[in-house]
Every structure is written in C-alpha cells, then in structure tokens.
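Inspection log for the structure reproduced underneath, given as structure tokens.
The values are calculated or read from the model by the stated rules, or taken from the named source; none is laboratory data. Everything numeric here is computed off the predicted structure, so don't read it as measured data. Cβ: placed from backbone, ideal geometry, glycine included. Neighbour counts: every protein chain shown. With ligands, DNA and RNA removed, areas are computed over all heavy atoms of the protein, side chains included. Shrake-Rupley method; radii C 1.70, N 1.55, O 1.52, S 1.80 Å.
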Amino acid sequence: MFDFKYFTPTKVVFGKNTESQVAELIQEFGGTKILIHYGGGSVVRSGLLQRVTDCLDAAGIAYVTLGGAVPNPHLSLVYEGIELCKKEGVDFLLAVGGGSAIDSAKAIGYGVANPDFDVWELYDYKKQAKGCLPLGVILTIAATGSEMSDSSVITKEEGLVKRGYSSDYSRAKFAIMNPELTMTLPDYQTACGCTDIMMHTMERYFTNGGNMDLTDALAEGLLRTVKDNAVILRDDPSNYDARAEVMWAGSLAHNGLTGCGNDGGDWMTHKLEHELGGLYDVAHGAGLAAIWGTWARYVMADCLPRFKKFAINVMGVADSGTDEEIAIAGIEAMEDFYRSINMPTNLRELGVEPTEEELVEMAHKCAVGVGGEMGSAKVLNEQDMLNIYRASM
Ligand code: NZQ
Ligand code: ZN
C-alpha cells in the first residue's frame with residue numbers, strides 16, 4: 001500500500017428536514033453575506049429555495065441569489081457570480097442543487113479569493129489557487145460527490161472545453177443531505193447519479209498501484225450497495241431508505257475514502273466523458289456508462305487481477321474459468337446492470353454520433369487535458385483515446 005492523506009473537513013448533516021438548520025450552520029461557519037447559487041429552477045419549483053430564504057430571513061442573514069447553473073456548468077455564469085459577490089460583499093457561498101450548482105459555486109469562490117488572475121487559468125492548469133470563499137451545500141441529487149470532494153468541473157463555452165480543478169480550499173464547510181429532496185428527480189437523473197457514484201469508486205478500484213484490503217472491502221461494499229439500491233429506485237423512486245443509501249454512498253465514493261492507500265486511481269473514463277460532456281452536453285453519468293465497457297475491454301489485460309476481483313466480489317460472477325473469462329463476464333454483467341437502469345452502453349445509445357473528425361478532436365482535447373497520457377489500469381495516450389472513442393460508437 002501507498003502512503004496517503006485523507007482530509008474530509010465537511011460537516012455532514014444528514015436526514016429528513018435537515019435543510020431547516022441552514023441558518024445556524026452558516027452562522028457556525030461565520031457567513032454574514034451569502035450568495036445562494038442554484039441551477040435551472042428545480043429548487044424554485046420544489047419550494048426548497050423559498051424554505052431556505054425563509055430560514056435566512058428569520059435569522060437575519062443577508063443574501064443575494066444567482067440561479068442558472070446548467071448541467072456542465074458554464075464559465076460565463078461563474079464570471080457573473082464573481083462580479084456579483086464583489087459588488088455585494090459576499091463572504092459565504094451556499095450552493096442549493098447538484099454537482100453543477102456546487103461546482104459553479106466553487107469556481108465563483110475561487111474567482112473571488114484569487115482576484116489577481118482569471119479563474120479559468122486554474123482549470124487551464126496555468127495557476128494554483130491560494131484560497132476559496134467558504135461554501136455550504138444543500139444537496140438535491142446524489143451523484144457527483146462534489147458536496148465533499150475537492151473538485152469542480154467547469155465548461156468554457158468558447159471552444160466547448162470542459163475541465164476540472166481540484167484543491168482542498170473548495171471543500172464544503174457543511175453539507176446538508178436530506179434524501180427526501182432527491183425524490184423530485186427524473187428517473188433518468190437518478191440513474192445517472194447512481195452510475196456516477198459507482199464510477200468514482202471504480203476509477204479508484206481499477207489500479208495497478210498500491211491496494212489495501214480495507215479499501216477494497218469499502219469500495220466493493222459501496223458498489224454493491226449502490227447497484228442494489230439503483231434497481232430499487234428504478235421500481236420505487238419514493239423509497240426513502242434506498243435514497244438515503246445512495247446519497248451517503250455518493251459522498252463516500254468521492255471524498256477519498258475508497259482510494260486510501262492506492263496510487264490515486266485511473267480516471268480515464270472520466271476524462272474521456274468530460275470531452276463528450278463538453279461537446280455534446282450529455283448528462284455526466286450517462287456519458288460515463290456509454291464509455292466504460294469499451295474502456296474496460298481495452299485495458300482489461302493490463303489490470304486483470306482487479307477485473308477478476310470486481311467480477312466476483314461486486315458483480316457476483318462465479319469463480320470458475322480463466323481469469324480472462326471471469327473478467328469479461330464481470331464487464332458484461334456491469335453493462336447488463338446499466339441497461340437494467342436505462343443507461344447507455346455505447347455512444348449511439350447515448351444519442352450522439354460523432355464524425356471521425358469529432359472523434360479525433362475529442363481524443364486530442366482529452367490528451368491535452370491530461371498532459372499527454374494518463375491512467376493506472378493502463379496508461380493511455382492520444383491514439384488509445386481515439387481507439388476507445390471509435391470502439392464505443
Ligand atoms: O438545474 P436544475 O433545475 O436544478 O435541474 C437539475 C439538472 O437538470 C436536475 N435536478 C437536480 N436536483 C433535482 C433536479 N430535478 C428535480 N429534483 C431535484 N431534486 O438534475 C439535472 C442534473 O443536475 P446536475 O447538478 O447537473 O447533476 P450532477 O449532480 O450530476 O452534476 C453534474 C456535473 O458535475 C460534474 C459533472 O461533470 C457535471 O458537470 N462533476 C463534478 C464532480 C465534482 N465536483 O467532484 C465530479 C464528477 O465526476 C463530475 O465530473
Ligand atoms: Zn463523475
């Protein structure tokens with residue numbers, strides 16, 4: 001196993017009606033002027049935003065609001081948020097929504113705390129942040145884990161470039177997680193979320209560097225839990241316990257817990273998906289499902305023990321036959337699972353049909369984005385990325 005650092009400073013407040021504690025949590029972390037940042041309007045329609053502002057009004061906490069964070073959130077709104085924060089003297093951010101609203105809030109926080117350069121330079125790997133405005137979250141979709149992660153992912157509209165930036169400065173001070181808030185989600189988004197959650201742990205699981213039995217046991221347990229509860233939610237979207245299992249798994253899948261002791265993970269399925277999200281604006285989880293099977297077959301031979309272990313311990317494949325046969329059966333079982341929750345297993349099913357020119361462009365942007373080559377299950381270069389995009393059609 002490798003040495004590691006595990007830093008999870010986020011105070012989690014989990015359960016029914018926990019959003020009513022938002023004002024006291026903001027006060028606990030010193031917020032006096034708040035930017036409430038949200039997405040395309042689901043929190044308005046559900047009445048959540050009104051309940052939040054009522055709590056802040058009752059506590060005498062000043063705030064401004066900024067909605068409009070779209071899935072694959074845009075840089076232009078980040079700039080708007082930075083200007084608003086400066087003008088209004090905002091000292092605390094409250095993201096109400098999913099990964100897109102949270103990530104957009106993180107980017108706004110970076111922009112305010114690092115006024116000497118353009119915030120995109122972080123996402124363009126040209127600068128390192130020296131701070132971020134403090135952030136609290138009220139989560140409405142279990143998916144990205146952004147409520148406890150150090151990451152944010154932003155799309156620059158010019159050139160359709162989607163890039164992530166990670167630093168501990170952006171980790172939320174608190175995350176309010178009420179599984180009931182996810183019950184208004186469309187079934188498709190619930191399934192996308194389950195896919196993303198599993199992928200955050202699978203990216204850390206398929207490695208060739210450093211593994212711990214404890215980390216593997218946590219990872220495999222988390223994967224089985226999400227897989228089982230995704231199917232329960234497909235048939236019974238109002239099942240509170242299943243919503244709660246998935247929501248907590250979403251945070252643990254991406255706060256570092258399922259990567260302790262390994263080499264940091266593979267992450268190439270995510271990198272390949274980010275180009276799809278940037279170019280075609282697909283839902284992140286669906287894009288991951290569309291790529292994963294092709295990636296898995298492409299890299300399997302270089303990471304066979306992990307694929308075999310995954311097949312047996314997560315997908316329930318029988319331990320008989322050659323290692324290759326067991327590994328392939330595990331990949332096929334995972335694809336069957338995706339189909340069972342109406343997730344795509346290739347780009348056609350995802351609803352995109354890139355031209356050869358676009359495949360070449362995505363592979364090139366992906367290679368540039370990872371600094372040439374990347375991966376742990378197998379190190380992929382630009383040609384490998386193109387091969388995977390082509391095979392996933
Ligand atoms: O925008 P609104 O109107 O709120 O609607 C959203 C959106 O259309 C809707 N929604 C969310 N909660 C809802 C709801 N609809 C009804 N009821 C609710 N309770 O669902 C749609 C998706 O929301 P979004 O926030 O985009 O989803 P998600 O949480 O999956 O975030 C996706 C973004 O996060 C990035 C992705 O790349 C993508 O840009 N990621 C961020 C990560 C991180 N920061 O750690 C890691 C991930 O790997 C990922 O890359
Ligand atoms: Zn993800």
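Yes/no per residue for (1) buried (at least 20 other Cβ atoms within 10 Å of the Cβ); (2) assigned by TED's automatic domain parsing to the domain that holds Arg234; (3) among the basic types (Lys, Arg):
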{"position": "Thr322", "(1), (2), (3)": "no, yes, no"}
{"position": "Met334", "(1), (2), (3)": "yes, yes, no"}
{"position": "Arg339", "(1), (2), (3)": "no, yes, yes"}
{"position": "Val352", "(1), (2), (3)": "no, yes, no"}
{"position": "Glu357", "(1), (2), (3)": "no, yes, no"}
{"position": "Ala363", "(1), (2), (3)": "yes, yes, no"}
{"position": "Ala367", "(1), (2), (3)": "yes, yes, no"}
{"position": "Val379", "(1), (2), (3)": "no, yes, no"}
Need at least 1 residues that are assigned by TED's automatic domain parsing to the domain that holds Trp120 and within 11 Å of ligand 1 (Cβ to nearest atom) per element, so show me which helices (runs of 4 or more DSSP H) inside the range 25-107 make the cut, counting only ones lying wholly within it. 42-45, 48-59
Taking the range 154-199, which residues are within 7 Å of ligand 1 (Cβ to nearest atom) and open to solvent by 30 Å² or more (accessible area, probe 1.4 Å)? Thr184, Leu185, Pro186, Gln189
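Of the residues that sit in the range 337-360 and are part of a helix (DSSP H, G or I) and free of Cβ contacts under 8 Å to residues at least 40 places away in the same chain, which one is farthest from Leu276 (Cα to Cα)? Spell out the reasoning first.
Step one: list which residues in the range 337-360 are part of a helix (DSSP H, G or I), which gives 337-340, 347-350, 356-360.
Filter once more, keeping what is free of Cβ contacts under 8 Å to residues at least 40 places away in the same chain: 339, 356-357, 359-360.
Numbers: Arg339: 20, Glu356: 14, Glu357: 14, Leu359: 10, Val360: 12 Å.
Only one residue tops the list, namely Arg339.
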Given the conditions (1) within 13 Å of ligand 2 (Cβ to nearest atom); (2) more than 17 Å from the chain's Cα centre (by Cα), every one holds for Leu160 apart from (1)
Pair list, Cβ under 6 Å, 6 or more apart: the range 123-136 residue within 28 Å of Tyr63 (Cα to Cα) and assigned by TED's automatic domain parsing to the domain that holds Gly30, other residue among the hydroxyl-bearing types (Ser, Thr, Tyr) and open to solvent by 30 Å² or more (accessible area, probe 1.4 Å): Ala129/Tyr169; Gly131/Tyr169; Cys132/Tyr169
Considering each residue of the range 204-248, count those that are part of a helix (DSSP H, G or I) and either open to solvent by 70 Å² or more (accessible area, probe 1.4 Å) or not hydroxyl-bearing (Ser, Thr, Tyr) (or both), and give that number. 30
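Looking only at the range 146-193, how many residues end up being in a loop (DSSP other than H, G, I, E, B) and on the phi < 0 side of the Ramachandran plot? Break it down into steps so the answer makes sense when it comes.
Residues of the range 146-193 in a loop (DSSP other than H, G, I, E, B): 146-150, 157-160, 167, 171-173, 178, 185-186.
If we keep only those that are on the phi < 0 side of the Ramachandran plot too, we end up with 146-150, 157-158, 167, 171-173, 178, 185-186.
Final tally of qualifying residues: 14.
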